[in-house]
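In what follows, a structure is listed as structure tokens, so that the remarks can point back to it.
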Amino acid sequence: QVQLVESGGGLVQAGGSLSLPCAASGSFFSINALGWFRQAPGKQRELVARVTSGGSTNYADSVKGRFTISRDNAKNTVYLQMNSMKPEDTAVYYCNANARRKPDYMLVDYWGKGTLVTVSS
């Protein structure tokens, strides 16, 4: 099992910045990828950004050039730095870990509880 603890959500004005850290802990063989998803009211959950254990990243088109994801493998922690924020970034942000679970080594997705980010215009 992987437990994910998110923090850093809150209220920010348009054009401002916010950083979301997420720490993974628990019993697992390895974490393949860490990422952030978001879900706005009335919309489906969508990928924001993701980083693999090897450092490869991918971003939603809507956040490219504004958001940066990074990872500290030693601490099993992922960071999402959000700059030049827009009202449409308002959503609940969920941390995700794609990990090899014990004891069967299966690749499983784990989710945090979510943190609310509100961007005012």
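The values are calculated or read from the model by the stated rules, or taken from the named source; none is laboratory data. Computed from a predicted structure; not experimentally measured. Quick reminder, even Gly has a Cβ in these numbers, built from the backbone with ideal geometry, and neighbours come from all protein chains shown. The area values use the complete protein model at the heavy-atom level, side chains included, leaving out ligands, DNA and RNA. Shrake-Rupley method; radii C 1.70, N 1.55, O 1.52, S 1.80 Å.
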Q. Mind listing which chymotrypsin sites (Phe, Trp or Tyr not before Pro) in region 86-121 are in a DSSP loop and have 14 or fewer other Cβ atoms within 10 Å?
A. Tyr105
Q. For the chain, what relative contact order do you get, as a whole percent, if you take Cα pairs closer than 8 Å and at least 6 residues apart?
A. 36
Q: Take Lys113, Lys43, Lys86, Lys64 and sort them by solvent-accessible surface of the protein heavy atoms, 1.4 Å probe, largest at the top.
A: Lys113, Lys43, Lys64, Lys86
(Q) Student exercise: in region 40-121, how many lysine pairs 8 or more apart or on different chains have Cα atoms under 28 Å apart? (A) 10
Q | Computed over the chain, the ratio Rg/Rh where both radii use C-alpha atoms and Rh is Kirkwood | A | 0.98
Q. How many nm separate the modelled label positions at Ser53 and Glu88, each set 7 Å beyond the Cα in the direction of the Cβ?
A. 3.6
Q. Among Met106, Met85, what's the order by accessible area (1.4 angstrom probe), most exposed first?
A. Met106, Met85
(Q) I'd like the distance between the alpha-carbon centres of region 72-100 and region 1-52, rounded to an integer number of Å. (A) 3
Q) So what is the relative contact order for region 1-44, in percent, with contacts set as C-alpha pairs under 8 Å and at least six apart? A) 40
Q: Just reorder Arg38, Arg50 by solvent-accessible area, largest first, 1.4 Å probe, all chains present.
A: Arg50, Arg38
